[in-house]
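Each reported figure results from applying straightforward, stated rules to the coordinates on display, with no laboratory input. Everything numeric here is computed off the predicted structure, so don't read it as measured data.
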Amino acid sequence: MDDLNGFLAPGMRVIHPAQPDWGIGQVQSNIGGKITVNFPEVGKIVIDGSRIALSPVFDP
């Protein structure tokens, strides 16, 4: 499977679709398909971008 999150860059805000209670996280890095996101409720999480498609959050 391809990297579903290749466009994500540090500073972008995202939601984990399976873990909405984690809140809106901020991308820290995206290297080799491994995305590190800092979520307010759980801290820094490393996500495999080939398995989980994070949902970007844009200001209205």
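In order along region 21-29, the phi-based Karplus estimate (6.51 cos²θ - 1.76 cosθ + 1.60, θ = phi - 60°) of 3J(HN,Hα) comes to 5, 6, x, 8, x, 10, 5, 9, 7 Hz; Gly and Pro are listed as x.
So what is the relative contact order of the chain, in percent, for Cα pairs below 8 Å that sit 6 or more residues apart?
Working: 121 pairs, mean separation 22.3, N = 60.
The normalised contact order for the chain reaches 37 percent.
Across region 50-55, rounded Karplus estimates of 3J(HN,Hα) from the backbone phi angles (6.51 cos²θ - 1.76 cosθ + 1.60, θ = phi - 60°) give 7, 10, 10, 8, 6, 9 Hz, Gly and Pro being marked x.
Using 0.36 nm times the number of residues separating Asp59 and Ala9, minus their current alpha carbon distance, what extension gain do you get?
Contour length minus Cα-Cα distance gives 16.4 nm.
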